[in-house]
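Reviewing the structure listed below.
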Amino acid sequence: MSSSPKFTSPPPPLPETIQVSFPSPQILLVTLNRPSGLNCLSTPMHWALDSLYNWYDNEPSLSCAVLTGKGRAFCAGADLKEWDKSNHSTEKSNNTRAFPASGFGALSRRSGKKPIVCAVNGFCFGGGCEMIINADIVVAASSAAFSLPEVTIGVVALAGALPRLVRTVGKQRAMEMALTGRRLRAEEAKEWGLVNRVVEDGKVVDAALEIARMITGNSPDAVIVSREGVKIGWEAMGAEEGTRLWAENWYGRMDGGDNMKEGVRSFVEKRKPVWVPSKL
């Protein structure tokens, strides 16, 4: 890992259950560090991740983030012991299960500005699966398993996965996941469109970082604006209306900017472009 780069502001304080590092000056690597609990997320972890991703979006030097888990799980969902305790609490006004607006793990409903690549190293259940459904790119270890098991314990996937899932895998497959709670192996999840790549166990973070480096090699402005264009289509807006709004609200902000000029100039001059941090 490289040493921490210089930032315009320091990263927010984080609990020991969330670790951050910087494999390169432009990449943020986030590791869920609760292996004994299969990286299940407690309420404070949701809010800490929300603060972290907001910082990441606003830190000009960073262009891509990678999320993974330590141990044999990526994330096995919510902290059910905490949930059970809140169900029996007499303090009903204190909803200890509340998520930030960005959802479970600050990712299941995140809009954000910059991409997050998930490196799924093992179990990816419940809220963990809800996170990857809304991630930008997903790489899975061959032994990884995916599931929305909420119905098996009398609850539902309420963190935004279900409407997004049907747009990714189609109605029948979404119904199968949501109504049966069965596990999908990594290759099946790839076949269904939930996963981009399946790699050997132990190599999933390296594979995700390879993708992250491909992303950070591109214009940071173009990455942000291209991501917005894809999101508009995925979020079920009509193609023409989406293109119009995207062009007016995002493309216009990068058109004629330093990175666009540099990209064209470097192509003409047959050299590698030198990007500057995004100002979008």
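Brief remarks follow.
- Paramagnetic label zone (point 7 Å from Cα along Cα-to-C-beta, F7; backbone N under 15 Å) in segment 33-63: 48-63
- Only one residue of V120, L162, N249 has its Cα farthest out toward the positive end of the dipole of segment 112-270, where Lys and Arg carry +1 and Asp and Glu -1 on Cβ, and that residue is L162.
- Segment 140-170-segment 188-227 distance, computed between alpha-carbon centres (Å): 20
- Helix-only mean residue ellipticity at 222 nm for the chain, each DSSP H run of n ≥ 4 adding -39500 (n - 2.57), per residue, nearest 500: -11000 deg cm²/dmol
- Efficiency of FRET between M260 and K203 - r from beta-carbon atoms, R0 35 angstrom, step 0.05: 0.50
- Most fluctuating residue given options V268, V151, V225, as computed from a GNM of the chain linking Cα atoms under 10 Å: V268
- When the square roots of the Cα gyration tensor eigenvalues are ordered a ≥ b ≥ c, the ratio a/c for segment 102-168 is 1.5 or more and a/b does not exceed b/c, which makes its shape oblate.
- Under Karplus coefficients 6.51, -1.76 and 1.60, residue-wise ³J(HN,Hα) of segment 184-189 in Hz, glycine/proline x: 9, 6, 4, 5, 5, 4
- Highest-fluctuation residue, E16, E150, E228 considered, GNM on the chain with Cα pairs under 10 Å: E16
- Legend: calculated FRET efficiency, S21 to N218, from the Cβ-Cβ distance at R0 = 22 Å, rounded to 0.05, equals 0.50.
- Residue among N121, N39, N249 with the largest mean-square fluctuation in a Gaussian network model of the chain, springs linking Cα atoms under 10 Å: N249
- One decimal place: the segment D57-L80 gains 5.3 nm when fully extended, by the rule 0.36 nm per residue minus the C-alpha distance.
- Computed with the Debye formula from one identical point scatterer per Cα of segment 137-280, without solvent, the log10 of I(q)/I(0) at q = 0.18, 0.19 Å⁻¹ comes to -1.11, -1.14.
Values in this text are rule-based calculations from the coordinates and carry no lab data. Computed from a predicted model, the values in this text were never measured in an experiment. Positions of Cβ are backbone-derived with ideal geometry, glycine not excepted, and every protein chain shown enters the neighbour counts.
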